[in-house]
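The values are calculated or read from the model by the stated rules, or taken from the named source; none is laboratory data. The shown structure was predicted, so the numbers you read here are calculated from the model rather than taken from an experiment. Cβ sites come from the backbone with ideal geometry, for glycine too, and all protein chains shown count toward neighbours. Please note that ligands, DNA and RNA were not included when accessible areas were found on the heavy atoms of the full protein model with its side chains. Shrake-Rupley method; radii C 1.70, N 1.55, O 1.52, S 1.80 Å.
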Amino acid sequence: MISNEMDLSDAVIVKSGRLKSVVWNDFDRVKKGETYVAICRHCKKRLSGSSASGTSHLRNHLIRCKRRINGNGVAQYFVKGKKKEGRAVEISNERKKDEEQLSVVNVRYEHDDDVVTGVCAGLDQRRSRFDLARMIILHGYPLSMVEDVGFRMFIRNLQPLFDLVAFERVESDCMEIYAKEKHKMFEALDKLPGKISISVDVWSGSDDTDEFLCLAAHYIDETWELKKRVLNFFVVDPSHTGEMLAELIITCLMEWDIDRKLFSMASSHSPPFGENVANKIRDRLSQNKFLYCNGQLFDVSCGVNVINQMAQDSLQTCCDTINMVRESIRYVKSSESIQERFNQWTVEAEAESERNLCIDDPVRWDTTCTMLEIALEQKSAFSLMNEHDPDSVLCPSDLEWERLETIVEFLKVFVDVTDAFTKNSCLPANIYFREICDLHLRLIEWCKNPDDFISSLAVNMRKKFDDFWDKNNLVLAIATILDPRFKMKLVEYYYPLFYDTSASEFIEDVVECIKALYDEHSIGSLLASSDQTLDWRNHHHGSNGVRHGKELDDRFIEFDRYINNTTTTTPGHDPKSDLEKYLEEPLFPRNSDFDILNWWKVHTPKYPILSMMARNVLAVPMSNVSSEGDAFETCQRRQVSETWRSLRPSTVQALMCAQDWIQSELESS
């Protein structure tokens, strides 16, 4: 440190272009003899200005400099250069992304006598506040963290110029971010070229009495990218009836102006969202003729949920036996000596395994499957342990081991199907049909098991599956028909295996449904053309004497259907529809990297109406489980984090929706 008593009256101010560090914006560098001194421009304190001393001590001083902290933190510093004419030229300043909140602009001022280079350094308080709020939203941090002593100390030392905010301020900033992001989301939904499907998921709050409904939109945008976005996240009043809940959801859809754009709705049908709620919403929308095929394809179920239910049924039927295995494994792992003896028994019984015994996580049934699978490989060793170790836990009998083996076979199939359904949070609807059909065949086979214990379990599981299949098989079949690698062939292959001699009737049902769906899309295409004509007339001739667009639509729906059915084809033109031409062409080769959305994007000019239908069908969500981890949990209800669920309901909705939108934007960038 340089003494403040040093006489600097004859010192010379050093002006060198080599002073690149930003700290020199707050210091003057002077030379007294052979000594260099750095003088703080705020408090006039003197420190070493020697090049050998570096700049760390200068940075440390600035953090502690009270006069700098109390000032406005903005200054201009000038260094002379060679002569130029007087004008200002902005010089680009490159900064890393994590430094963008510090607004720094390099400016070169050119005067008649000299060139002066300056740096205007200032902190954008508003931008920094919103960066903090976005960080809290993005990572799910508690809003109260801004009032924590440790956080405030960290920010004060990191950037003394930042005005620390209170809980109310950061909550208000989060709400403002939500409002801006919601406007962007509204505009994105408004310009979509196709329909929107929605999913409704039930979340838990702080206890079993608190419940939230998460309403999400699923759609394929103009670039043929499949997207999922949360629209609403609201508390469910326990006193709400099914009709009240249906009206609440319809109100949300109308606020987003998408009630006329709906194609389907996926739900788990678990309380409070029962099947009657979905029926009421469908009936309401069907009355206004907003749905295709009179709502026949509207109400779909989550495929992962039904698999989860069947898996839990399997485990529940032999829970006592599974607990025996669990306790036996726990005994083996209770000490090194017991583990060593068990290893000897595995060698003696020729039951060695490459995998070590493990205890499952009771809330994740896939881990129970893994535990049982490994234990079955060493079941002979467990029998020897029972014979030679009087302190060991009772192991399953031979019959119980045999039944467990069959149960594990069930569970492994369920795990494989669930993995296929949850490998991505947003999957096109064509991927489900094959997996569901294979599971259907397995259930038929399991019901024929000679062991009444196993066959009765399989029959109960099949009842749950049949409920799912009866409701969803049409939309599943249509989605796979729109896969150019399979078209009608998968339906024609699987249905005889399910229905035997009645298969032709069920195949015909699928054909009639897809034709009806295509015809309605064809009519919709004509209406879209008439809407464009109406817009042109209104623009050029005004709206006097012209009916409202909705009334015009209603008047001409039947007329357009008549035109579509009776118009004769010009000689020389192909009379076949998009659907007929598509089904008659050869199957597209199957390969592992096939992208069905890109295929339809490329073939839109060839199949303009059918591609419109594919856009709507392929966006149907057959799974509303957000991740693979959630899919295997015995209680699939997700929970609002402890840091947010105590907040006001409006704030919770803002945080949950904004978090989804910001994360999605980051993932797509």
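So the values come out like this:
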{"item": "Of all residues making up segment 43-87, the number that are open to solvent by less than 50 Å² (accessible area, probe 1.4 Å), in a loop (DSSP other than H, G, I, E, B) and modelled with pLDDT of 70 or more", "result": "6"}
{"item": "Criterion violated by Asn308 - all others in (1) open to solvent by 40 Å² or more (accessible area, probe 1.4 Å); (2) over 30 Å from Met613 (Cβ atoms); (3) touching a Phe, Trp or Tyr at 6+ places or on another chain (Cβ under 8 Å); (4) not aliphatic (A, V, I, L, M) satisfied", "result": "(1)"}
{"item": "Neighbours by Cβ (under 9 Å, 6+ apart or cross-chain): first from segment 222-239, over 18 Å from Leu647 (Cβ atoms); second among the aromatic types (Phe, Trp, Tyr) and assigned to a strand (DSSP E or B)", "result": "Leu226/Tyr219; Lys227/Tyr219; Lys228/Tyr219; Arg229/Tyr219"}
{"item": "Selection count, segment 431-471, where residues are of a type in the set (Lys, Arg) and closer than 15 Å to Val491 by Cα", "result": "1"}
{"item": "Selected residue (only one of Ser270, Ser264, Ser197 is at pLDDT below 90 and more than 28 Å from Ala133 (Cα to Cα))", "result": "Ser270"}
{"item": "Cβ pairs under 6 Å, 6+ apart, first in segment 166-184 and farther than 22 Å from Arg229 by Cβ, second open to solvent by 50 Å² or more (accessible area, probe 1.4 Å) and in a helix (DSSP H, G or I)", "result": "Phe167/Ser144; Phe167/Glu147"}
{"item": "Restricting segment 396-416 to residues that are open to solvent by 10 Å² or more (accessible area, probe 1.4 Å) and of a type in the set (A, V, I, L, M, F, W, C), the residue that is farthest from the chain's Cα centre (by Cα)", "result": "Leu399"}
{"item": "Single residue of segment 615-649 satisfying the filter (modelled with pLDDT of 95 or more and not in a loop (DSSP other than H, G, I, E, B)) that is most open to solvent (accessible area, probe 1.4 Å)", "result": "Arg615"}
{"item": "Among the candidates Tyr495, Tyr499, residue that is crowded, with 19+ Cβ neighbours inside 10 Å, farther than 17 Å from Ala266 by Cβ, free of Cβ contacts under 8 Å to residues at least 24 places away in the same chain and not aliphatic (A, V, I, L, M)", "result": "Tyr495"}
{"item": "Qualifying residue in segment 333-350 (condition: open to solvent by less than 70 Å² (accessible area, probe 1.4 Å), within 44 Å of the chain's Cα centre (by Cα), of a type in the set (S, T, N, Q) and under 23 Å from Ser397 (Cβ atoms))", "result": "no"}
{"item": "Residue satisfying condition, being of a type in the set (Ser, Thr, Tyr) and within 23 Å of Phe421 (Cβ to Cβ), within set Ser328, Ser334, Ser301, Ser286", "result": "Ser301"}
{"item": "Residue pairs meeting the criteria (Cβ under 8 Å; at least 6 apart or on separate chains; first free of Cβ contacts under 8 Å to residues at least 40 places away in the same chain, in segment 241-252; second open to solvent by 50 Å² or more (accessible area, probe 1.4 Å) and of a type in the set (S, T, N, Q))", "result": "Gly242/Asn276"}
{"item": "Hey, Ile281 at pLDDT 90 or above and more than 19 Å from Leu215 (Cβ to Cβ) or not", "result": "no"}
{"item": "Residue within segment 347-367 that is under 21 Å from Ser334 (Cα atoms), aliphatic (A, V, I, L, M), assigned to a helix (DSSP H, G or I) and modelled with pLDDT under 95 present", "result": "yes"}
{"item": "Among residues of segment 204-247, those that are under 20 Å from Asp299 (Cα atoms) and open to solvent by less than 30 Å² (accessible area, probe 1.4 Å), counted", "result": "14"}
{"item": "Within segment 381-482, helices (runs of 4 or more DSSP H) holding 2 or more residues that are modelled with pLDDT of 95 or more and under 30 Å from Tyr518 (Cα atoms)", "result": "432-446, 452-481"}
